[in-house]
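The values are calculated or read from the model by the stated rules, or taken from the named source; none is laboratory data. Computed from a prediction, not measured in an experiment: that's the story for all the values here. Neighbour counts run over all protein chains shown; Cβ positions are idealised from the backbone, glycine included. Quick note on the areas: whole protein, heavy atoms, side chains included, nothing else; ligands and nucleic acids left out. Shrake-Rupley method; radii C 1.70, N 1.55, O 1.52, S 1.80 Å.
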Amino acid sequence: MRSQSDIHSQVSTRYRNKWRSWLSEPPTGGISFPLEKPTADELADPDKPAEIERWKLGWTTWARQRKGISLRTVSVRTAYGRQDVPTHVDFDDVTALASLDEKAARHWALAQQRSRQVLADSGSPKAVRRHLARIVDLDDADFNLLLAAAAWFRLNPRSGLLPRQVPVESMHTKWLARHRSLVLGLLGIDSNPSGDDSGENSDPDLDQEALDPLGLVAPPPLIDLILADANLRTTVGGIRHLRAPVQEIARLQITPRIVLIVENKESALIVPDFPGLLIIHSLGNHLNAITELPWLREAQILYWGDLDRWGMTLLSRARSFISRTRSVLMGPDVVAAYKHLAVRENLTRVDPPQPTLTPPEVESLRLLTDGHPDDGHLQLEQERLPESFVLEALRPVLTAGFTNAT
């Protein structure tokens, strides 16, 4: 015999699993849960009548106190005469079912209201419904901003503006990056038709590919350079550190002999001057920018990044753009020597490297991941390596590159 707490638990589970489908296809004929009525043996047991009567009275009182909820009963012949025994609790509709829990009741009312609002103007209900969980979870300010953003993009599908230029009050670039898939859904554009929406962090960076469906343009990527050679600096008035859009950097009249791509700024700053050396740093995932720099074509290309899964993925991408790219300070010998300085990664998901890693680089990755699937992968950031070790390791590599170039 099921108690009220048993049914509360079942109702909570059913609501959690079905509320989105119920929004589009409300259940017909109500929603029922069996109560597992007493068996014939229990009804005939002389020791059970009081317990069964308490159970029946409890359910009768419980149902009377709630709107849209009723008990289904069956008349059963017993040694004590016929008895009406509850067999099911019946809910008229989802509203009645959600009313068992105050939080669920608020959620269902909000889900219905917002579903009507976002579906009213959408050209693709399917694209919207996949995002309903996130839409319902938005606070009022973000939800109203979502409606305003979708309305503006609907009227201005090809504005050609930068994200920061969109005249929607309170909308900023980070908000758009987090909620881009929701905006697209309201516009009838399914940004990920192959799977369920997995939350805010699933939205991509606002690169040009991500902005195209919104009719926006991405700002030109900025490139950070260190001209680590006095002769190279003469072309830019003696400036050693330079940051400018990639199109302007591409027009520099320079001929570096060695280009060292460094993942992080702090590590790039410790590298001293060297004949013919130019350093590019802090590109992150915008490594495709190196394909737009014509003065890289004749240079030796070196790459130095973090010793972790993401660092190896970035290295593999750099090599996919320029196949002659060689890594430095990313071999298994460095991992073995300084593994004690590594920490556990805090990344939840990392794209696997492209198939461009060399066998030693694959071994480095294995040393960082092997045996640690439960505790998390290891991360040896390039800043953790002693500066003296880095400079001593770089010197022969740069010298060899300079010799080969000359």
Heavy-atom accessible area of the chain with neighbours in place, 1.4 angstrom probe: carbon+sulfur share in percent works out to 49 percent
At what distance in angstrom do the alpha carbon centres of the range 234-303 and the range 23-77 lie from each other?
76 Å
How far is helix 387-405 tilted, in degrees, relative to the longest principal axis of the Cα atoms in the chain, given as a value from 0 to 90 rounded to the nearest 10?
60 degrees
Value at 222 nm in deg cm²/dmol, rounded to 500, when DSSP H runs of n ≥ 4 in the chain each add -39,500 (n - 2.57):
-12500 deg cm²/dmol
Which peptide among 309-321, 140-152, 273-285, 384-396 comes first, and what is the full order, when sorted by highest mean count of other Cβ atoms within 10 Å?
309-321, 273-285, 140-152, 384-396
Among Arg106, Arg2, Arg178, what's the order by accessible area (1.4 angstrom probe), most exposed first?
Arg106, Arg178, Arg2
For the pairs Lys103/Lys126; Lys18/Lys174; Lys67/Lys126, note any where the Cα-Cα span goes beyond 29 Å.
Lys18/Lys174; Lys67/Lys126
Note on the chain: alpha-carbon gyration tensor, axes a ≥ b ≥ c; rule is a/c under 1.5 for rounded, else prolate if a/b larger than b/c, else oblate; result prolate
Which FRET efficiency value, to the nearest 0.05, is calculated for Asp47 and Ser21 with the Förster distance at 45 angstrom and r the Cβ-Cβ distance?
0.50
Run the quick spin-label model on Asp370 and Ser5: label points 7 Å from Cα toward the beta carbon, then report their separation in nm to one decimal.
5.2 nm
Straight-distance crosslink candidates among aspartates and glutamates, where the alpha carbon sits under 16 Å from Lys37 and sequence neighbours closer than 8 are dropped
Asp6, Asp45, Glu51, Glu53, Asp84, Asp90
Report the net charge of residues surrounding Thr28, where surrounding means a beta-carbon distance below 15 angstrom and charges are Lys +1, Arg +1, Asp -1, Glu -1.
-3
